[in-house]
1. Can you tell me which residue among 136, 86, 64 is more than 23 Å from residue 173 (Cα to Cα), of a type in the set (Asp, Glu) and buried (at least 22 other Cβ atoms within 10 Å of the Cβ)?
2. With respect to the numbered conditions (1) surrounded by fewer than 20 Cβ atoms within 10 Å (Cβ to Cβ); (2) of a type outside the set (Phe, Trp, Tyr); (3) touching a residue at least 24 places away in the same chain (Cβ under 8 Å), which one is the sole condition not fulfilled by residue 401?
3. Check off (1) surrounded by 19 or more Cβ atoms within 10 Å (Cβ to Cβ); (2) outside any strand (DSSP E or B); (3) of a type outside the set (D, E, K, R) for residue 243 and give me the number that stays unchecked.
4. Considering only residues of the stretch 275-306 that are in a helix (DSSP H, G or I), in contact with a helix residue (DSSP H, G or I) (Cβ under 8 Å, 6 or more places away or on another chain) and free of Cβ contacts under 8 Å to residues at least 40 places away in the same chain, which is surrounded by the most Cβ atoms within 10 Å (Cβ to Cβ)?
5. What's the number of the only condition in (1) free of Cβ contacts under 8 Å to residues at least 40 places away in the same chain; (2) touching a strand residue (DSSP E or B) at 6+ places or on another chain (Cβ under 9 Å); (3) more than 23 Å from residue 100 (Cβ to Cβ) that residue 174 fails to meet?
6. Condition test on residue 24, is it in contact with a helix residue (DSSP H, G or I) (Cβ under 8 Å, 6 or more places away or on another chain), at pLDDT 95 or above and of a type in the set (D, E, K, R)?
7. Residues in the stretch 154-173 that are part of a strand (DSSP E or B) and within 21 Å of residue 243 (Cα to Cα): how many?
8. Just need a number here: residues in the stretch 247-271 that are touching a residue at least 24 places away in the same chain (Cβ under 8 Å) and of a type in the set (Gly, Ala, Ser).
Amino acid sequence: MTGRYLAGHGDGGYRVAHYDLDLDYRPHTGRLAGRAVLRVVTSGPASRLVLDFGTLTVGRVLVDGRPARHVHGGGKLRVRPARPVDGECVVEVRYSGVARPVRTRHWGDLGWDRLADGALVASQPVGAPSWFPCNDLVRDKASYRISVTAPSAYVVVANGVVVDRRVAGGTTTWVYEQVEPMAAYLASVQVGRYGRVVLADGREVAAPARLLRAVGHDFGRQPRMMAVFEELFGPYPFAAYQVVVTDDELEVPVEAQGMSVFGANHVDGRRGHERLVAHELAHQWFGNSVGLADWRDIWLNEGFACYAEWLWSEWSGGPVAAVLADRARARLARLPQDVRIGDPGVANLFDDRVYQRGAVTLHELRSRLGDVAFFATLREWTGAYRHATATTGDFVALAQRRAGEPLEPFFQAWLGEARLPAR
């Protein structure tokens, strides 16, 4: 067993209970000014707090209202309070500069990204420090208040529910509250010249004017999709669900909590990318509400979301999940079998084999348990770990309770071995 994935990110010696972010963004220059207030809870006496933070310039740091010495470099903001902290404290950081993504070896640039006319945040897994100081530990969830001021010609979308919108001169301040706990990588801000399409359930999709008609068609079945997933997975876990379609093309859609972001290339007016609509919606249950305790268990996010694509196909009149699982299994058999999806390694976190084999694993489990027990297991999973974090071991234990046979050999073969199990 390997050690904690991405061990250079985050600090297990404290947790953040709440982030209060006040941002001012100028799209034409890319300049971002911010004030981040973190309510920190330490696990014991601490003379120093280490935050993850990128290249923006730090102007001032306060701890409980008192100036604190700090050193910023190498992606870390090291804060030394005037007196040691034991328990709860409030850390305030003021910063500014041109926001730039975090450059990574395996996944390219992550985090705050300047678009042709606006901005996009895509942080999974380590891009959050590009735009705010944080404890970038996947299991550290907090509530958020995100306030963004931008020129009034732009629409700002962030996590949670809009609680205030103020116009002053040529700018508008948008205030969002995300009360359900959220990992830092899922925090997001989208800025663009967007119109709105209202879907059948009253939810809206933000998109450029030129795409509104096609967006209305391509996302038109999302309300039905939501109803199907609530039946299969349990109640939708957040107060809001927002979709943004950028005017730029994106390689893949972007996952955030209570939000999904698609590129203009994912809209064709023919629902040609509807499986991705299902995939991103499913992440609200699997990955966002039920979060990861460690990145090694990424199949719990991506395998479940991929299987949700197949379930939507089955429930909407397309090929049934059994057919799609057989097709995926045939593809996997033709690929190198050198990844154990229960512990794939950092370089393979987002390998398509993790997604596809994870989904096939779930279909095989469904075949063993039967539909009644399988979907009861999924609903119990999303209920027991709602707004929390979990591991593969937790899921195996839960599934075992509903099975009439030992499941450890099954999960070892599918998750713990590189070779595809024989039929």
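1. Among 136, 86, 64, only 136 is more than 23 Å from residue 173 (Cα to Cα), of a type in the set (Asp, Glu) and buried (at least 22 other Cβ atoms within 10 Å of the Cβ).
2. (3)
3. (2)
4. Looking at the filtered set, the residue picked out is 280.
5. Of the numbered conditions (1) free of Cβ contacts under 8 Å to residues at least 40 places away in the same chain; (2) touching a strand residue (DSSP E or B) at 6+ places or on another chain (Cβ under 9 Å); (3) more than 23 Å from residue 100 (Cβ to Cβ), the odd one out for residue 174 is (3).
6. Against the criterion (in contact with a helix residue (DSSP H, G or I) (Cβ under 8 Å, 6 or more places away or on another chain), at pLDDT 95 or above and of a type in the set (D, E, K, R)), residue 24 does not qualify.
7. Final tally of qualifying residues: 11.
8. Number of matching residues: 4.
The values are calculated or read from the model by the stated rules, or taken from the named source; none is laboratory data. As the structure is a prediction and not an experimental result, all values here were calculated from the model. Backbone-built Cβ (ideal geometry, glycine too); neighbour counts: all protein chains shown.
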